[in-house]
Amino acid sequence: MPPEHPLTDSAPSDSTVAPVATIVLPCFNEEAHVLAEIQRITKAMDDDGMPYELLAVDDASTDDTLAVLRQAEREFPHLRVVAFRRNGGSGTVRRIGTQMARGEIVVWTDADMTYQNDRIPELVRILLADDTYDQVVGARTTEEGSHKVLRVPAKWVIRKVAEVLARQRIPDLNSGLRAFRKEVSLPYLRLLPPGFSCVTTITLAFLCNQHDIKYVPTEYAKRAGTSKFHFVKDAYRYILQVLRMVMYFEPLRVLMPLALFLFGLGAVKAVTDMVRHLFYFPANTVLLLVSGLLIGSVALLADLVVRSRDSS
């Protein structure tokens with residue numbers, strides 16, 4: 001089906017060899033360094049010898065990023081350029097790029113020089129060598145992003161919440177460097193939000209559906225250019241997306257503890273009220289009991305919907 005955002009696409013490569021991997025590279029106002037990133041990725045892939053394509057998607061940049069990409073397209077035979085006519089966000093770029101990918105393995109990364117993109121062949125080779133893993137994530141060992149003082153503790157708390165809800169350890173919840181099997185990812189692409197939390201979404205979608213993820217420690221460099229991350233707005237969306245994803249796959253994990261807590265609190269208070277005033281229950285006691293029952297009912301109904309969807 002056609003993408004939601006109108007775009008112009010270059011002609012596909014004339015290579016008769018189908019690519020094993022497709023590297024999706026979102027580009028928004030990256031004119032100063034996108035060529036260096038393309039050179040680094042293509043050198044690593046060419047040295048490895050693996051058939052690949054590099055899909056660079058210009059997300060309606062307001063600088064000369066698209067012109068740089070068009071020029072690079074003439075120099076690098078494996079580079080394919082896609083241009084959006086309006087800005088869709090990194091999540092939209094990655095979703096459409098994954099749908100357009102011709103490789104069986106899709107790689108997500110950034111064009112801001114932060115990730116070790118020369119290790120992309122290593123990530124792809126792990127998936128090719130071990131079919132028990134469906135995704136490989138470059139887990140960052142350092143934090144070099146903007147708003148570091150606020151960002152590090154906030155990301156730690158959100159990651160711990162996600163670990164409790166997903167019931168497993170997650171070394172890096174929102175790393176932008178990852179490789180995964182396209183076929184496995186297709187059912188979850190419609191869940192991707194348009195913004196930065198798309199990487200969190202694809203992580204939780206795989207984990208909540210029993211798709212194993214391997215984490216490979218990687219370094220994280222200071223970004224080139226200006227960050228597009230807005231702490232308050234994007235952190236709020238990030239938290240909502242974690243809760244939305246777990247509600248989508250495991251609603252009982254979110255709602256039932258709250259329902260049991262409220263109902264249990266109401267039951268204890270009802271016994272206390274009964275001892276103090278025979279057969280008299282204040283409004284707040286009734287409210288606690290009814291709230292617990294209502295939230296528990298919603299949790300069971302949501303879980304039924306999820307199970308019905310999975311079996312359809």
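The values are calculated or read from the model by the stated rules, or taken from the named source; none is laboratory data. All values derive from a computational prediction rather than experimental measurement. Cβ placement follows ideal geometry from the backbone for every residue including glycine, while neighbour counts extend to all protein chains displayed. For accessibility, only protein heavy atoms count, side chains too; no ligands or nucleic acids. Shrake-Rupley method; radii C 1.70, N 1.55, O 1.52, S 1.80 Å.
A few notes on this one:
- Criterion violated by residue 35 - all others in (1) in contact with a Lys or Arg (Cβ under 9 Å, 6 or more places away or on another chain); (2) modelled with pLDDT of 90 or more satisfied: (1)
- Filtering the stretch 171-198 to residues that are surrounded by fewer than 22 Cβ atoms within 10 Å (Cβ to Cβ) and aliphatic (A, V, I, L, M) leaves 184, 186, 189, 191.
- Verdict on residue 45 being open to solvent by less than 60 Å² (accessible area, probe 1.4 Å) and outside any helix (DSSP H, G or I): no
- Options 83, 67, 60: the member that is within 26 Å of residue 201 (Cα to Cα) and without any contact (Cβ under 8 Å) to a residue 60 or more places away in the chain: 60
- Among the residues of the stretch 156-203, just one is assigned to a helix (DSSP H, G or I), acidic (Asp, Glu) and under 22 Å from residue 236 (Cα atoms), namely 163.
- Odd one out for residue 128 among (1) open to solvent by 20 Å² or more (accessible area, probe 1.4 Å); (2) touching a residue at least 12 places away in the same chain (Cβ under 8 Å); (3) touching a helix residue (DSSP H, G or I) at 6+ places or on another chain (Cβ under 9 Å); (4) in a helix (DSSP H, G or I): (3)
- Residue 73 farther than 20 Å from residue 190 by Cα, open to solvent by 20 Å² or more (accessible area, probe 1.4 Å) and at pLDDT 95 or above: yes
- Residue count, the stretch 239-290 (criterion: assigned to a loop (DSSP other than H, G, I, E, B) and buried (at least 17 other Cβ atoms within 10 Å of the Cβ)): 1
- Residue under evaluation residue 54, criteria (1) closer than 16 Å to residue 124 by Cα; (2) open to solvent by less than 60 Å² (accessible area, probe 1.4 Å); (3) part of a helix (DSSP H, G or I); (4) not small (Gly, Ala, Ser), criterion not met: (3)
- Breaking point among (1) part of a loop (DSSP other than H, G, I, E, B); (2) among the aliphatic types (A, V, I, L, M); (3) under 24 Å from the mean Cα position of the chain (by Cα), for residue 82: (1)
- Subset of the stretch 89-111 [surrounded by fewer than 23 Cβ atoms within 10 Å (Cβ to Cβ) and out of contact with any Phe, Trp or Tyr (no Cβ under 9 Å at 6 or more places or on another chain)]: 99, 100, 101, 102, 104, 110
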